[in-house]
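All remarks here apply to the structure that follows.
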Amino acid sequence: MNFLWPQMLWALVAAPLLVAGYVLWLRRRKKYAVRFSSLDLVRAALGPGERIRRHLPPALLLLSLIAMIVALARPTALVTLPSQQQTIVLAIDVSLSMGATDVDPNRLSAAQIAAKSFIDERPPNARIGIVAFGGNAALVQPPTEDKDKLLAAIDRFDLQRGTATGSALYVALATLFPDAGIDLEALTVPGGFYGSSRTRRLDPVEKAPAKPFKPVPAGSNTNQVIILMSDGRRTTGPDPLDAAKMAADRGVRVFTVGFGTAEGGLIGFEGWSVYVRLDEETLKAVADVTRAEYFNASTSAELRKVYRDLNSKLVLERKNVEVTSLMTMAAALLVLLALGLSLWWSSRNLR
């Protein structure tokens, strides 16, 4: 538990002082009490339960005072709440290595099936955008709630030479922040990036002027998320860690999914043999910088499970919430309980 006004907790020093005052008052009261011929008979008549309950109302009042002081310090607690997620960008690797047949029927088909499953079970009220990246990165579907458009965009994936992981993250950020003036021409490969005739090209000339930018804590943006899936090491384009830092400055979490084995392997394409290897270190670093998580999947079934897990994480999110009202309510209930018990026991003694 954290506190917005921790200085108010100094008032808790009053608690031991009140306990000491109560003990002193009991001793002074005992000096002026009527002396019985046999105190042992009185103690036996009272019993252990009677001796304890006379101190219970004051103890409850003390606890209520402590709860009120804690409430004045404005406590916050980390709780799990339904997510208010607004926009999720899926950045999916379509490099040549995704054509490998070590996963039936091939890696790309398995990724498409898993992505479609994610869309089917997507969080409520969430818009999803899709970025495809190989040697370049392009927005193939702007964020939308239209399931048919999303599925159609996934079906249009084409394999490309190269793996521009950093470019994918920059395009995803430009999608999430269209008015931020993110210069994709300067950030990605020289000469800009080029999508195929089936992709949507982002032209930085058409973007609005950049607004003043102030960095926010990493992972603090709960309305926008990037999910990056790759099965290989970056071979072209900007460093994905630089793009991850830009995402972190905007509070955007980048969940990364490594599809394949760390050992890698050879794939054949048009008479060429290409060695591909999963770069887990970079994917883990990207997730860590943005306060997100890294997942590994080496089979089609594992990949679908990863996407299901991601869906559940996006539906529920953990965040710090002020619980002052709960502490105030607890203090009030303790006062009422102390008064109720005191009146009840007093009325019983008068009968």
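Tabulated data
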{"quantity": "Selected residue (criterion: nearest to Ala297 (Cα to Cα)) from residues of the stretch 89-144 that are among the β-branched types (Val, Ile, Thr) and assigned to a strand (DSSP E or B)", "calculated": "Ile92"}
{"quantity": "Condition broken by Thr87, with the remaining ones in (1) β-branched (Val, Ile, Thr); (2) farther than 30 Å from Val321 by Cα; (3) modelled with pLDDT of 90 or more satisfied", "calculated": "(2)"}
{"quantity": "Positions within the stretch 251-288 being modelled with pLDDT of 90 or more and crowded, with 20+ Cβ neighbours inside 10 Å, in sequence order", "calculated": "Val252, Arg253, Val254, Phe255, Thr256, Val257, Gly258, Thr282, Leu283, Val286, Ala287"}
{"quantity": "Near pairs, Cβ below 8 angstrom, 6+ apart or cross-chain, from the stretch 240-257 (farther than 16 Å from Asn223 by Cβ) to any residue that is of a type in the set (S, T, N, Q) and surrounded by fewer than 24 Cβ atoms within 10 Å (Cβ to Cβ)", "calculated": "Pro240/Thr282; Leu241/Thr282; Val257/Asn296"}
{"quantity": "Matching entry among Pro212, Pro217 (being modelled with pLDDT under 90 and surrounded by fewer than 24 Cβ atoms within 10 Å (Cβ to Cβ))", "calculated": "Pro212"}
{"quantity": "Sole residue being surrounded by 14 or more Cβ atoms within 10 Å (Cβ to Cβ), at pLDDT 95 or above and touching a Gly at 6+ places or on another chain (Cβ under 7 Å), chosen from Ala247, Ala243", "calculated": "Ala243"}
{"quantity": "Filter result for the condition that a residue is part of a helix (DSSP H, G or I) and under 15 Å from the mean Cα position of the chain (by Cα), over Ser325, Ser312", "calculated": "Ser312"}
{"quantity": "Check on Ala168, at pLDDT 90 or above and surrounded by 24 or more Cβ atoms within 10 Å (Cβ to Cβ)", "calculated": "yes"}
{"quantity": "Residues within the stretch 125-154 that are open to solvent by 10 Å² or more (accessible area, probe 1.4 Å) and without any contact (Cβ under 8 Å) to a residue 60 or more places away in the chain, tallied", "calculated": "13"}
{"quantity": "Any hit, the stretch 23-39, residues being of a type in the set (Gly, Ala, Ser), open to solvent by 90 Å² or more (accessible area, probe 1.4 Å), modelled with pLDDT under 65 and over 26 Å from Val70 (Cα atoms)", "calculated": "yes"}
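The values are calculated or read from the model by the stated rules, or taken from the named source; none is laboratory data. Everything quoted here is computed from the prediction, not taken from an experiment. Positions of Cβ are backbone-derived with ideal geometry, glycine not excepted, and every protein chain shown enters the neighbour counts. Accessible surface areas use protein heavy atoms only, side chains included; no ligands, DNA or RNA. Shrake-Rupley method; radii C 1.70, N 1.55, O 1.52, S 1.80 Å.
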